[in-house]
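To start, the structure itself, in structure tokens.
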Amino acid sequence: MGQKQSISKWTIDEHTLSIDDVCKKFDTQFNNYNPDESLGLKSQVVNKRSAQLSRKRRTVIVFRDGIKKNIDSEELVVGDIVMVNSGDIVPADLRILSINGLKVDNCIISGEKTILNCTVDKTHENPFETSNILFKETTIVAGSGYAVVIKIGSDTLIESLAP
């Protein structure tokens with residue numbers, strides 16, 4: 001495991017984990033060979049992790065019980081597997097599992113237009129500099145991908161930066 005980095009209460013180490021380990025950590029199932037056949041979270045896990053968030057309503061494609069469905073982003077729970085596409089606002093802090101030309105604009109985090117080519121593998125020990133993490137409220141500018149939810153609501157980086 002890599003060293004954890006922190007900003008106030010926010011910590012992360014998922015960028016150092018293999019896809020299998022990150023899925024195991026969040027009790028979710030991802031089919032790396034055919035992402036559209038991923039099982040995602042089981043309903044009973046979702047029910048245990050349900051949390052109310054007070055943000056703008058957005059829908060997101062998620063896999064639950066092996067079914068791809070659109071849900072309100074406020075219904076996401078840690079461990080959900082989501083699909084992201086060009087034009088999407090990232091709904092939570094995510095660990096990337098699979099990509100197809102995925103690029104993200106991290107302007108909301110960095111303050112500068114910063115387009116990052118995303119990867120599945122860790123590219124840096126520092127979670128803020130690695131390219132296998134997507135942060136809530138950043139914008140997908142190209143491509144598509146699948147990712148697992150690692151932080152939601154007030155636990156996300158963007159929320160920890162708020163005054």
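For this structure, a couple of remarks:
- Enumeration of residues in the range 108-123 that are loosely packed, with under 13 Cβ neighbours inside 10 Å and within 22 Å of Cys23 (Cα to Cα): Asp121
- Tallying residues that are assigned to a strand (DSSP E or B), buried (at least 19 other Cβ atoms within 10 Å of the Cβ) and without any contact (Cβ under 8 Å) to a residue 60 or more places away in the chain within the range 79-107 yields 5.
- Residue within the range 141-157 that is more than 22 Å from Thr16 (Cα to Cα), of a type in the set (A, V, I, L, M, F, W, C) and in contact with a Gly (Cβ under 9 Å, 6 or more places away or on another chain) present: yes
- Subset of the range 124-133 [out of contact with any His (no Cβ under 7 Å at 6 or more places or on another chain) and either more than 16 Å from Gly111 (Cα to Cα) or modelled with pLDDT of 95 or more (or both)]: His124, Glu125, Asn126, Ser131
- Positions within the range 131-159 being more than 19 Å from Thr114 (Cβ to Cβ), out of contact with any helix residue (DSSP H, G or I) (no Cβ under 7 Å at 6 or more places or on another chain) and outside any strand (DSSP E or B), in sequence order: Ile152, Ser154, Asp155
- Residue selection: Glu159 satisfies the criterion of being more than 12 Å from the chain's Cα centre (by Cα) and either surrounded by 14 or more Cβ atoms within 10 Å (Cβ to Cβ) or aromatic (Phe, Trp, Tyr) (or both).
- Subset of the range 16-33 (residues that are at pLDDT below 80 and closer than 18 Å to Ile99 by Cβ): Asn31, Asn32, Tyr33
- Breaking point among (1) modelled with pLDDT of 80 or more; (2) surrounded by fewer than 15 Cβ atoms within 10 Å (Cβ to Cβ), for Lys48: (1)
The values are calculated or read from the model by the stated rules, or taken from the named source; none is laboratory data. Just so it is clear, the structure is predicted and the values come from calculations on it, not from any experiment. Here the Cβ is made from the backbone with ideal geometry for all residues, glycine too, and neighbour counts use every protein chain on show.
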